[in-house]
Amino acid sequence: MTNRQLNLNAFIYPTGHHEASWRHPDSTPERIYDVRYYQDLARTAEAAKLDAAFFADGPALRTEVEYRPDYGLEPITTLVAMATATTHLGLIATASTTYYEPYNLARLFSSLDHISGGRAAWNIVTTATDAAAANFGLTDHPDVQQRYARAREFVDAAVKLWDSWEDDAVVIDKAAGVYADPSKIHRIDVEGEYLSVRGPFNSARSPQGRPVLVQAGSSNDGRDFAAQYAEAIFTAHQRIEDAQAFYGDIKSRATDFGRNPEHVKILPGLSPFIGATEAQAQDLHREFNELTIVEYGLGQLSKMGRIDVTELDLDAPVPAELFAGSGDITDNNNSRRLVFAKIVEREQPTLRQLLHKLAGARGHNVVAGTAVQIADTIEQWFRGGAADGFNIMPPQYPQGLEAFTSSVVPILQERGLFRTEYTGTTLRDHYGLPRPASQYARALDPAGV
Ligand SMILES: Cc1cc2nc3c(=O)[nH]c(=O)nc-3n(C[C@H](O)[C@H](O)[C@H](O)COP(=O)(O)O)c2cc1C
């Protein structure tokens, strides 16, 4: 593809991605329920011409709230407020196919797309944590096969709902007294093992036709699901080799599903500590690591790594056998465990060093260096077939985002790797994705383009 350019998102996290960012003297944890805080972050991201702001989410309180603030505000609601403070920035919200119903969720994303003039995207998750089940009257969290099977029916139903009004269904013929053409509004009649939805949808087709579909599967099931449905895929890798392998695998799976691999953007996470010198950046990283709370780190490691760390000595090397039988990508929800196992195998860290390594961004790539060094890493992965762009994960908000947009983005623009102006208004324009026609319209017009 000529003049291929990066796609860059700001991955929003209350006070930043470093687990101890809220304790930093310059951080403002008291502001994370103030919508103006997020509107300001959105303006900073848009001023730098970033593609989108992304919110992760889970319908359950994370157990470690004693040691770290959780999200607090619900993503779609917050993104509506960010939409009113911006004109071009994409708005990506996470929502669970396990703990939502298609009709309600389709309405929320369609409305976000209408309200924002075509900037909505949905990060499709099946909810990794089993803590949510009890919040929805379930005794057990469905197993991963069930979750992904329901997710397929869910996305199918949501897409049909967004397509159920053809683009020209709204007529507004005041003289004739016709508001909409009922022949262009369709029932969807989805009858599945987990879901049944009759339709029609109760909202006209949104500016993008459908919100952009995003996913972050890394297991075999997750990768197949992502390759079949997702237009952007988030992922976590420490090393370019692992990212290249993931990139190649997803692009070929998408091709196997008959899709154009250029319409599947792969965005690894990158958490940059930026300094005027490399030493200064490493000092900043150390400063944050010194604020970490061991209990929190141990809790995260045992939960995401699925290992028992209670008996381990903080200053002794982590026994690699702890991750024995880590399995491979066929194992679901194992992706982060595999990332941790590779770090232990490769670097033989002490437990304290491993906790500091993961404190930055939960296994995503953390880089400490000058703006030029960060830009070099980004360019290397982008040109090296490891990424189409990045989910930028500032260790601290807002300072980390301001540092990235004011120092790294201008370098990427100078090198012709990133836009200097938005060339479109929708997230599909920014990602270079086509606007899908309504599948019902196509039925009527065999030549439907
Ligand atoms: C960048 C990124 C963001 C994610 N955001 C969420 C999230 O907000 N909520 C959630 O439940 N899972 C989230 N996940 C987890 C994925 O949805 C998925 O469950 C995980 O990558 C494991 O993949 P698997 O489901 O294929 O095993 C995220 C993963 C990545 C890499």
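Considering 266, 240, the condition of being buried (at least 21 other Cβ atoms within 10 Å of the Cβ) and either within 11 Å of the ligand (Cβ to nearest atom) or under 24 Å from residue 366 (Cβ atoms) (or both) is satisfied by 266 alone. When we screen 61, 108 for residues that are open to solvent by 10 Å² or more (accessible area, probe 1.4 Å), closer than 24 Å to residue 21 by Cβ and either touching a residue at least 12 places away in the same chain (Cβ under 8 Å) or within 11 Å of the ligand (Cβ to nearest atom) (or both), the only hit is 61. Exactly one residue out of 369, 363 is within 16 Å of the ligand (Cβ to nearest atom) and buried (at least 18 other Cβ atoms within 10 Å of the Cβ), and it is 363.
When region 1-37 is examined, which residues are found to be in contact with a helix residue (DSSP H, G or I) (Cβ under 8 Å, 6 or more places away or on another chain), surrounded by fewer than 22 Cβ atoms within 10 Å (Cβ to Cβ) and part of a helix (DSSP H, G or I)? Of everything in region 1-37, those that are in contact with a helix residue (DSSP H, G or I) (Cβ under 8 Å, 6 or more places away or on another chain), surrounded by fewer than 22 Cβ atoms within 10 Å (Cβ to Cβ) and part of a helix (DSSP H, G or I) turn out to be 22, 29, 31, 35, 37.
Restricting attention to region 89-104, and to residues there that are away from the ligand (no atom under 14 Å from the Cβ) and crowded, with 21+ Cβ neighbours inside 10 Å, which single residue is farthest from residue 71 (Cα to Cα)? Spell out how you get there, then give the answer.
From region 89-104, those away from the ligand (no atom under 14 Å from the Cβ) are 89-91, 101-104; that's our starting set.
Then drop every residue that is not crowded, with 21+ Cβ neighbours inside 10 Å, which leaves 89-91, 102.
Details: 89: 21, 90: 19, 91: 16, 102: 23 Å.
The extreme case among them is 102.
Annotation: of all residues in region 9-18 being of a type outside the set (S, T, N, Q) and in contact with a Phe, Trp or Tyr (Cβ under 6 Å, 6 or more places away or on another chain), the one that is farthest from residue 366 (Cα to Cα) is 12. Applying the criterion of being hydroxyl-bearing (Ser, Thr, Tyr) and open to solvent by 30 Å² or more (accessible area, probe 1.4 Å) to the residues of region 111-133, the residue that is modelled with the highest pLDDT is 111. Filtered by the rule that a residue be closer than 17 Å to residue 234 by Cβ and assigned to a loop (DSSP other than H, G, I, E, B), region 361-396 gives 361, 362, 363, 364, 386, 387, 388, 393, 394. Taking residues in region 145-159 that are over 17 Å from residue 128 (Cβ atoms), and partners anywhere that are surrounded by fewer than 21 Cβ atoms within 10 Å (Cβ to Cβ) and hydroxyl-bearing (Ser, Thr, Tyr), the pairs with Cβ atoms closer than 6 Å and at least 6 places apart or on different chains are 153/194.
The values are calculated or read from the model by the stated rules, or taken from the named source; none is laboratory data. It should be emphasised that the depicted structure is a prediction, and the values quoted were computed from it without experimental measurement. Don't worry about glycine lacking a Cβ; one is built from the backbone with ideal geometry, like all the others, and counts go over all protein chains shown. Side chains are part of the model used for accessible areas, which takes the heavy atoms of the whole protein and leaves out ligands, DNA and RNA. Shrake-Rupley method; radii C 1.70, N 1.55, O 1.52, S 1.80 Å.
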